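In what follows, a structure is listed as structure tokens, so that the remarks can point back to it.
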Amino acid sequence: MSSEAPGVKPEWLAASGLFQCLSAPLRIGIIELLLERPRTVTELVDALAAPQPLISQHLRVLRESCLVHGVRSGRATTYALMDEHVAHIVRDGIAHAAEHDPDTPKKEHSQPRKDPS
């Protein structure tokens, strides 16, 4: 029996778990880098300036949540996004946060030109 409130759909519970997985800023950074292309752990460590054990720990959480997958080649593992769903979620989340963050520079919106006549 679930400890969730009555009426909670299983897909809401699953989505909640997904958002919990994405709640760590470093995990969002990893996913944002993987949006560009697959990367090795070393590339992620260098790009994020974080210790390798920390990156590996976050990758484990992302793997267990089926958001990324790794392909081993010798001693290196290259990680990629599991599918495009996570790409959309993270891109939209970053864009939404930037729109509502007072510290993020806002883009100037051009005003429509008035007809000189």
- Message: Quick check on my filter: what residues within region 48-68 are more than 22 Å from PHE19 (Cα to Cα) and either surrounded by 11 or more Cβ atoms within 10 Å (Cβ to Cβ) or at pLDDT below 95 (or both)?
- Response: ALA50, GLN52
- Checking GLU11 against (1) among the acidic types (Asp, Glu); (2) under 19 Å from the mean Cα position of the chain (by Cα); (3) modelled with pLDDT under 95, the condition it does not meet: (2)
- Message: Within region 8-28, does at least one residue satisfy the condition of being touching a Gly at 6+ places or on another chain (Cβ under 8 Å), under 17 Å from ILE94 (Cβ atoms) and part of a helix (DSSP H, G or I)?
- Response: yes
- Message: Take the conditions out of contact with any Phe, Trp or Tyr (no Cβ under 6 Å at 6 or more places or on another chain) and either closer than 16 Å to GLU84 by Cα or of a type in the set (Asp, Glu) (or both) and apply them to LEU26. Does it pass?
- Response: no
- Name the residue, out of VAL71, VAL45, that is modelled with pLDDT of 95 or more, of a type in the set (Val, Ile, Thr), surrounded by 10 or more Cβ atoms within 10 Å (Cβ to Cβ) and part of a strand (DSSP E or B). VAL71
- From the list ARG39, ARG63, ARG91, ARG27, which residue is free of Cβ contacts under 8 Å to residues at least 24 places away in the same chain and among the basic types (Lys, Arg)? ARG63
- Message: For region 48-60, which positions are in a helix (DSSP H, G or I) and either in contact with a Ser or Thr (Cβ under 7 Å, 6 or more places away or on another chain) or touching a residue at least 12 places away in the same chain (Cβ under 8 Å) (or both)?
- Response: LEU48, LEU54, ILE55, SER56, HIS58, LEU59
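The values are calculated or read from the model by the stated rules, or taken from the named source; none is laboratory data. Computed from a predicted model, the values in this text were never measured in an experiment. Cβ sites come from the backbone with ideal geometry, for glycine too, and all protein chains shown count toward neighbours.
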